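The values are calculated or read from the model by the stated rules, or taken from the named source; none is laboratory data. Only a predicted model underlies this, so the values are computations on that prediction, with no experimental measurement involved. Every residue, glycine as well, gets a Cβ built from its backbone with ideal geometry; the counts of neighbours run over all protein chains shown. These accessible areas exclude ligands, DNA and RNA; they are computed on the full protein's heavy atoms, side chains included. Shrake-Rupley method; radii C 1.70, N 1.55, O 1.52, S 1.80 Å.
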Amino acid sequence: MPLSQKPMRYGHTEGHTDVCFDDAGSCIVTCGSDGDVRIWESLDDDDPKSINVGEKAYSFALKNGRLITAVSNNTVQIHTFPEGVPDGILTRFTMNANHVTFNADGSRVAAGSSDFLVKIVEVTDSSQQKTFRGHDAPVLSVSFDPKDVFLASASCDGSVRVWKIAEQICEKSWPLLQKCNDVVTAKSICRLAWQPKQGKLLAVPVEKVVKLYRRETWEHQSDLSDNFITQPLNVVAWSPCGQFVAAGSVGGCIVIWKADTQDCLERVKHEKGYTICGLAWHPKASQVAYTDSEGNLGLLENVGGIDGKKSNSKVSAPTPKDYDDLFDGDDNEDFLNGDFIEPQSSPRAATNYEDEDDDLAIASGRPRNRGAIIEDDENSIDIGLLKANSALDKQEEEDDRESLIPVPPLSSTQRPFYDGPMPTPRQKPFQSGSTPVHLTHRFMVWNSTGIIRCYNDEQDNAIEVEFHDAAIHHAMHLPNSLCYTMADLSSEAVLLACESTEELASKLHCIHFNSWDSNKEWTVDMLQDEDIEAVCLGQGWVACATSTQLVRVFTVGGCQKELFSLPGPVVSMAGHGEQLLVIFHRGTGFDGDQCLGVQLIELGRKKRQILHGDPLPLSWKSYLTWVGFSAEGTPAYVDSEGSVRMLNRGLGNTWTPVCDTREHCKGKSDHCWIVGIHENPQQLRCIPCKGARFPPTLPRPAVAVLTYKLPFCQTATDKGQMEEQFWRSVLFHNYLKYLSKNGYDCDESVKGQAIQEQQNLLMKMFALSCTLEREFRGMELAELMTQNALSLAVRYASRSRKLILAQKLSELAAEKAAELAAAEELGKEEEEEEEEEEDFRSHLSAGYSNSATEWSQSRVRSLKRQQSMEACEEAEDDEEEISEEAKPGSPTLGRNPTTSKSEKAVVVSSSQGRVNPFKVSSSQKDPIAHSTNVLDNMAKLPKKSPAPIGRGAASKERGPVIKPLVPKPKSKKLTVAAFFQLRTPISEKKATEERGEKTAEGGGEKAAEGGGEKAAEEGGEKVAEDGRQKADKTSETQTPAENGENKRPKTGFQMWLEENRSFILADNPDFEETEIIKEGMGRFRMLSAEERMAWTERAKGRETVDSGEGKKRKHPESINSDGPESPEHKLEENTSSAKKPKSFDQAMSTKLSTFAFKQS
């Protein structure tokens, strides 16, 4: 396989950085000028273990569980590995040591320092030392002979010396290097190396070549060079087999040669050209780790094609890896490859043929002869499979004859015959906004309320609580004698929890600083063998999840409440207000994927479960890193790939990705640590972390603000950008509906701005579709518009000379108006039924207890209901005789807010019992009389047959002030009416008022029945009062006579419905009026475009023919009507008289045209 170069990882601060593998090759170890030694389980390890050895580390060596470091206090220290426990000082110099190294068996350490000395010290007895004097400048590097006979050293004096250890004398010296005064001024640090095993050759990097000197004779054997090298070589390293030499240069070049043939096998260039100052070969695999002078770590794989192993980004290990600590530090590596056994790099022939044949594998890692592995009979062989694989086996035998190596037996969990997906280790529980537990200084939580830090070192073991807003509470300093590991913070309390020990049970500790009494703290012990694994705070409650898969809920004052079981082990949990979000393991994931589930529960008065253990979507081969709520209360979470997802309540509680934090990171090893999510304004607050997944506690990290972006396609185009902005606006304002639904106060201005923003985007997309001749797409966009925007779209299409589109938009507007009116009527019906039910229950329960036995008696309930309804009707009659009727006008008219709150719509039905969805009538329930100015300034808004064009009648004093794209909340019905009413001329209006007065005074019983509503329609106060005094409220449900001046022309759909109403009733005799209209809409849409156009033209023609005739007969018919008319006759009469719609006023037309043709 070809060589692969992995991306560099940030490991240490700028300065000299060294690297090596441990004895087994299971991890990479680095040290840098920041004084830390870091242990990397792989190159992708995002949380390497760190051991601080001093202020600055110059060099280190690792062997047999001992870590030797040369630090800035002029000492060579020893630590245990991997624990990092200090084990004393090995030796001292008068100046700092520049390089340390072990001998072959790890019993001795050699060190060269800036005081010109080289020392060899026994590890077990540091008093046994040997000092080598002779260099005239600081020592650059030292290297042991594998046979422990010679020691080589390089110095700033320009010489390379070979010392005989036993006699402590200089065996040989070569003046090879350029002289200098100090290590920092040296062109090269000249990391020389002996050939492993026999030590036949000594490799010395000199300028741009590697010189090889033969042992004993010290003759110059050969030079390894390549034109790829342009600057001096800095370090050289032999492969464990002794056949290959790797060298790194000051210019960032890495070159690998085969020593015996001097052939250059690989050439690699540093991605940024930094100086290579550390090289290390994997002890058993074809990997080379390297570091640069900027503190970065890199890895080369499949170096030189030494073996045919499968590429693996993890450092191989000879034993199965322990996965228990994988998720403690947010590791981001391939977990399934830990058990992969890599063959040795030395191409030796296999010697142990007594092992089981099933355990013998070729270099690719698969069984040599899978067809021969049969569980039933070990002596049986599948001949067919052997024949099928014979050609492949022959070729592989020829290729592998010289490189066949013994492989240790695979673990019991990795059978050779199983080639399916491997299970993924389960993610450990964690607290959102916290850093790993093993750190001495860590964040226990960082959220939108404040920060909790934990300090656990030799000087202090305490917890500090800091609030972003000091007005909530002052900062607190708490002791941590119980070793709390989990915490959460809200504006009410601080919550802490610790795991159990051999002596103490797991504890939950709450500091309720918002309490008004003096006892502000309480503690609860968990049961035996029950450990707390996750905690969270809500509004007035506390919750914790335990190892027994239980969730325990407490009040913030310490009372135990509900507890429930989880389907699997908890991963994390979060709280906000009344909402509790719990993430748990639904099952076992495979191939690196986690199998997580989510529960969302509301713990308010109406306790209910929103998400019932639904699967939690994660990115491929990722795990959960943060879960919580936005500041507005919407659940959200982040995975290890940086994908931020938010709950979309408007789409069936699905999860929508809203941001990819990786787009805001410069390097692969950089990450964003989430601390808060906000929907208004749309901000994602995080802490950028360079080379890590979490920030340090000191210095205080700076918070950055990221923007959201839905992963829409073609966002480089105007169409894609506007689509992304529109749907992001819809998603991020769903919380307004949720809050209003749950009884919270919402800012109506925010809702209005959101709707205006969305409609602006829709209009821009509609204009773009018209420009691109995408009229069908424009119709699709129009279906998302409000009535205001839809009216504007009609005007835009007309001005753009797209008449077919304009006609279809007009029909769409009519259909939407009809559907909206019908929905409003049904909603009013339901409200009335609920109110009647409440009145009935209150009447029935007067003087009695509401026991289940009383409610279960159906006969008594029916009798009481009948009596209650009669009483309610009588009360309504008396009430409405002294109340005033008010009909709301256009939403743009000024109206008294107290009057609008007391208005209530009454369902008006025809004599056949059907409901007219276009008729909305209001009656005043409040017995308190209001000002008659409201009635004087209102005109009747006809609701029977909405048309796509026209404008409503206004009052005499004030005209309509229309604001496009700014809807008023809770007035959808009024908005529809405002767009589908016609203006009434003043002359006709005066005649209508006079005729109304005459009708009210001498019209008989008919005028008395309809006078109240007619007066409200026409705005005559005197007629309204007389009509209400004379009218019988029990007959008020009859359809009122409409005024001819406000008649609107019939649409094609209405004419079609009149002719086909009988057929619909024949098919569905039980249909109400609303259902007839809906069924008619469905059938009318099934007609072809030509048929619908014919009906529309027919309606226009009828309007022209009938207009004059209707004006002649409307007055005598309204005066001489003595008896009730049928609804069909009234409908025919009303629609026969109509006038042409009056155009918009000049100012409004200018505003609409300016917006419609505004360039985006």
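Scanning region 680-711 for residues that are of a type outside the set (A, V, I, L, M) and in contact with a Pro (Cβ under 8 Å, 6 or more places away or on another chain) returns Cys689, Phe694, Pro695, Pro701, Pro711. Among the residues of region 123-156, those that are in contact with a Phe, Trp or Tyr (Cβ under 6 Å, 6 or more places away or on another chain) and part of a strand (DSSP E or B) comprise Phe132, Ser143, Leu151. On the given criteria, is Phe430 in contact with a strand residue (DSSP E or B) (Cβ under 9 Å, 6 or more places away or on another chain), aromatic (Phe, Trp, Tyr) and closer than 17 Å to Glu533 by Cα? So Phe430 passes the test.
Taking the criterion of being buried (at least 24 other Cβ atoms within 10 Å of the Cβ) and farther than 17 Å from Arg191 by Cα, the residues of region 18-32 that qualify are Ile28, Val29.
Per the listing Glu216, Glu294, the residue uniquely of a type outside the set (S, T, N, Q) and at pLDDT below 90 is Glu216.
Looking only at residues of region 496-523 that are among the aliphatic types (A, V, I, L, M) and open to solvent by 30 Å² or more (accessible area, probe 1.4 Å), we find that the one that is farthest from Glu562 (Cα to Cα) is Leu504. Here the condition is being part of a strand (DSSP E or B) and touching a residue at least 24 places away in the same chain (Cβ under 8 Å); of Cys483, Cys454, it holds for Cys454 alone.
For region 464-480, name all the residues that are of a type outside the set (A, V, I, L, M) and either free of Cβ contacts under 8 Å to residues at least 24 places away in the same chain or open to solvent by 70 Å² or more (accessible area, probe 1.4 Å) (or both). Don't jump to the end; show me each part of the working.
We begin by selecting, within region 464-480, every residue of a type outside the set (A, V, I, L, M); these are 464, 466-469, 473-474, 477, 479-480.
Answer for region 464-480, where residues must be of a type outside the set (A, V, I, L, M) and either free of Cβ contacts under 8 Å to residues at least 24 places away in the same chain or open to solvent by 70 Å² or more (accessible area, probe 1.4 Å) (or both): Glu464, Glu466, Phe467, His468, Asp469, His474, His477, Pro479.
Inspect region 632-645 for any residue being assigned to a strand (DSSP E or B) and open to solvent by 60 Å² or more (accessible area, probe 1.4 Å) and give the result as yes or no. No - not one qualifying residue is present in region 632-645. Checking each residue in region 33-52 for being open to solvent by less than 20 Å² (accessible area, probe 1.4 Å), part of a strand (DSSP E or B) and either free of Cβ contacts under 8 Å to residues at least 40 places away in the same chain or not β-branched (Val, Ile, Thr) (or both) picks out Trp40, Ser42, Ile51. Residues in region 127-143: is at least one farther than 21 Å from Val250 by Cβ, surrounded by 21 or more Cβ atoms within 10 Å (Cβ to Cβ), in contact with an Asp or Glu (Cβ under 6 Å, 6 or more places away or on another chain) and not aromatic (Phe, Trp, Tyr)? Yes, region 127-143 contains at least one residue that is farther than 21 Å from Val250 by Cβ, surrounded by 21 or more Cβ atoms within 10 Å (Cβ to Cβ), in contact with an Asp or Glu (Cβ under 6 Å, 6 or more places away or on another chain) and not aromatic (Phe, Trp, Tyr). Scanning region 664-681 for residues that are surrounded by fewer than 19 Cβ atoms within 10 Å (Cβ to Cβ) and under 13 Å from the mean Cα position of the chain (by Cα) gives a single hit, His678. Taking Ile120 and the conditions (1) more than 56 Å from the chain's Cα centre (by Cα); (2) open to solvent by 10 Å² or more (accessible area, probe 1.4 Å); (3) closer than 17 Å to Gln168 by Cβ, which numbered condition does it fall short on, given that it satisfies the others? Status for Ile120: all satisfied but (2). Taking Ala166, is it touching a residue at least 12 places away in the same chain (Cβ under 8 Å), part of a strand (DSSP E or B) and farther than 14 Å from Trp218 by Cβ? No: the conditions fail for Ala166.
Within region 586-600, residues that are in contact (Cβ under 8 Å) with a residue 12 or more places away in the chain reach partners that are assigned to a loop (DSSP other than H, G, I, E, B) and acidic (Asp, Glu) with beta carbons closer than 8 Å, at six or more positions or on different chains, in the pairs Gly592/Asp334.
Does region 53-76 include one or more residues that are among the hydroxyl-bearing types (Ser, Thr, Tyr), open to solvent by 40 Å² or more (accessible area, probe 1.4 Å) and in contact (Cβ under 8 Å) with a residue 40 or more places away in the chain? Yes: one or more hits.
Scanning region 37-88 for residues that are among the aromatic types (Phe, Trp, Tyr) and more than 21 Å from Val437 (Cα to Cα) returns Tyr58, Phe60.
Can you say whether Glu832 is in contact with a Gly (Cβ under 9 Å, 6 or more places away or on another chain), farther than 17 Å from Ser769 by Cβ, in contact (Cβ under 8 Å) with a residue 12 or more places away in the chain and surrounded by fewer than 21 Cβ atoms within 10 Å (Cβ to Cβ), as far as the supplied structure shows? Taking the combined requirement at face value, the residue does not satisfy it.
I need the full set of residues from region 599-608 which are part of a strand (DSSP E or B) and either acidic (Asp, Glu) or closer than 18 Å to Gln539 by Cβ (or both), in order please. Selection gives Leu600, Ile601, Glu602, Arg608. Of all residues in region 524-571, those satisfying the criterion of being surrounded by fewer than 21 Cβ atoms within 10 Å (Cβ to Cβ) and of a type in the set (Gly, Ala, Ser) are Gly540, Ser547, Gly557, Gly558, Ser565, Gly568. Restricting region 745-783 to residues that are among the small types (Gly, Ala, Ser) and open to solvent by less than 40 Å² (accessible area, probe 1.4 Å), the residue that is nearest to the chain's Cα centre (by Cα) is Ala754. Name the residue that is farthest from Leu62 (Cα to Cα), counting only residues in region 241-297 that are in a strand (DSSP E or B) and of a type in the set (Asp, Glu). Looking at the filtered set, the residue picked out is Asp263.
Scanning region 713-744 for residues that are under 15 Å from Leu651 (Cβ atoms) and open to solvent by 70 Å² or more (accessible area, probe 1.4 Å), we see that the one that is modelled with the lowest pLDDT is Lys737.
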